[in-house]
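Asker: So that we are looking at the same thing, I have put the structure below in C-alpha cells.
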Amino acid sequence: MSIRLITYLSIALLSTQAFAISDKIQTNSCQLQKDEVITVGCTYHCSRWVRWAIYRRARQMGYRVRIKNIFAKNSSPDISKLDAILIPGGADINPKYYTPHVEADLAQKIKDLDYLVNYNYEGRERDPFEHDLLKTYFNSESLSTTPVLGICRGMQMLAVSQKIPLIVDIKEELGFRNRYWAIDRIRAINPESVIQEQIRTKFWGVQYHHQAIRYDYFNKNRERWPHLEITAVSNGNTIPEALEFYDRPVLGVQFHPEWTFGSVRYGVFGWLLNRACNKKRIETNKARISQ
C-alpha cells in the first residue's frame, strides 16, 4: 500500500464525523442570480483535486463556477475580471525573491542551504508570474474586494510577496522530517480567524512540503506586518499553517484542503466562494448605481 493511499485512508477515518458536520456548513450568506457565474482564476494548473473540491462546494452553496488557468509567459493577465484568485501548491520558490529583504547573517544562512532548494522548470515559470501578479494585486485598490486563496506554495508566495522569508528545509533547520504525505494536527491561535470560524480550533490536515514561513523571524519582526497575521500553527508551534490579511480577503493555508476531507475542505473553499460572491455583488451594485 502506497504512502499516498495510507494518507488518504487515514484522513478518511479521521474525518468520518466531520463529513456529517460539514454537510450542514453552507457559508453562503451571499446569493447569486441564476445567470451569474463565479470565475476563479488559477495562477497555474489547478489539479483535479482542487477543481473537484471547488465544484463540489459550489454545488452545495448553489453557485455556478468557471475555473480558468490564467498563467501566461511574459505577460500579465487582466485579473480585474476575476471573482477570485487561487494560487495552488507546487514547486519551491527561488530564495532570491526573499533573501534581499533580510539581514546579512540570515541571507548567508539561506545561501548556505541553497543545495536543499528544489529548483525546477515549474518554479522558474511560476516565480516571476505569481510574484508580479501579487504585486499588482496588493497595489491596486480596485482589486481590494477580490479574494485570494494560497495553498501550500501559494501561502508561501503570499508571505514572500510581503518580504517574509521561508525556511529552506524543515528537516535541516527544525530537526524533524519534512512534511511529505504527513497528517498534522493543526491549531487555530486566533478565535476571530477565518480558520477557526470556518473550520474549528483543532483539526487534522494533509501536508506535502519541506519549506514553510520562517515563524521565528516573523514573530521577531511582526511590527513590519501590521496588516496580516499567522492564525494557525502545527508541530509544536514551529510551522505556520494559516496566513490571513486584515485589509483584504486573503487567506493562505500550508496544508492541502483539497486532500483533507470534511469541514476542512468545505470551510476553506466555502470561504473563497462566499467572498467571490460578495465581490460580485459589490460590483453589480456599483454598476446599477452608475447607471
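Asker: How far is it, in nm, from the label point at residue 185 to the one at residue 282 when both lie 7 Å from their Cα along the line to the Cβ?
Answerer: Simple spin-label model gives 3.8 nm for this pair.
Asker: Report the FRET efficiency, 1/(1 + (r/R0)^6), for residue 221 and residue 141, where r is their Cβ-Cβ distance and R0 is 22 Å, rounded to 0.05.
Answerer: E(calc), rounded to 0.05, equals 0.25.
Asker: With +1 on the Cβ of every Lys and Arg and -1 on the Cβ of every Asp and Glu, and nothing else charged, how large is the dipole of the chain about its Cα centre, in debye rounded to the nearest 20?
Answerer: With Lys and Arg at +1 and Asp and Glu at -1, about 1000 debye.
Asker: Loop-only check: which GluC sites (Glu not before Pro) in segment 167-242 are DSSP coil with at most 16 other Cβ within 10 angstrom?
Answerer: 192
Asker: Shifting gears a bit: If you build a Gaussian network model of the chain, linking Cα atoms that sit under 10 Å apart, which residue out of 70, 213, 151 swings the most?
Answerer: Sorting by GNM fluctuation, first place goes to 70.
Asker: Any idea what log10 I(q)/I(0) is at q = 0.17, 0.19 Å⁻¹ for segment 202-289, Debye with uniform C-alpha scatterers and no solvent?
Answerer: -0.82, -0.95
Asker: Continuing with this model, one more query. With each run of n ≥ 4 DSSP H residues scored as -39500 (n - 2.57), what mean residue ellipticity at 222 nm is computed for the chain after dividing by its residue count and rounding to the nearest 500 deg cm²/dmol?
Answerer: Helix contribution divided over all residues of the chain: -12000 deg cm²/dmol.
Asker: Next up: Build a GNM of the chain with springs between Cα atoms under 10 Å: which of 243, 106, 158 gets the top mean-square fluctuation?
Answerer: Fluctuation is largest for 106.
Asker: Round to a whole angstrom and tell me the spacing of the C-alpha centers of segment 98-134 and segment 48-69.
Answerer: 32 Å
Asker: Right, next: Once you place label points 7 Å from the Cα toward the Cβ at residue 125 and residue 202, how far apart are they in nm?
Answerer: Reported label-point gap for residue 125 and residue 202 is 4.2 nm.
Asker: For the chain, what is the relative contact order in percent, using Cα pairs closer than 8 Å and at least 6 residues apart in sequence?
Answerer: Worked out over the chain, it gives 24 percent.
Asker: May I pose another question? Hey, got the dipole for segment 48-92? About the Cα centre, +1 on K and R Cβ, -1 on D and E Cβ, debye to the nearest 20?
Answerer: 340 debye
Asker: Looking only at Cβ-Cβ distances, which cysteines of the chain have no other cysteine closer than 4.7 Å?
Answerer: So far as the 4.7 Å Cβ criterion goes, 152 stand without a partner in the chain.
Asker: If I require 15 Å or longer along the helix axis, counting alpha carbons, and a Kyte-Doolittle average no lower than 0.0, what helices from the chain are left? Use full DSSP H segments.
Answerer: Once both thresholds are applied, what remains is 3-14.
Asker: Another question, if that's okay. What is the antiparallel percent of DSSP beta bridges lying wholly in the chain, to the nearest 5?
Answerer: Antiparallel bridges: around 60 percent, rounded to the nearest 5.
Asker: So which chymotrypsin sites (Phe, Trp or Tyr not before Pro) in segment 174-246 pass both tests, a DSSP loop state and at most 15 other Cβ atoms within 10 Å of the Cβ?
Answerer: Loop-located and lightly packed - 176, 246.
Asker: Oh, and also: Setting aside same-chain residues fewer than 8 positions from residue 135, which lysines have a Cα under 28 Å from its Cα?
Answerer: The qualifying lysines are 68, 73, 81, 96, 109, 111, 163, 220, 279, 280, 286.
Asker: Of 191, 175, 238, whose Cα points farthest to the positive end of the dipole of segment 148-291 (charges on the beta-carbon: +1 Lys, Arg; -1 Asp, Glu; origin at the Cα centre)?
Answerer: 191
Asker: Taking the Cα atoms of segment 3-283, what is the range of coordinates along each of the three principal axes, in descending order and whole Å?
Answerer: On the principal axes, segment 3-283 reaches 56, 44, 35 Å in Cα extent.
Just so you know, all these numbers are worked out from the coordinates, no wet-lab data involved. Computed from a prediction, not measured in an experiment: that's the story for all the values here. All Cβ positions, glycine included, derive from the backbone under ideal geometry; neighbour counts span all protein chains shown.
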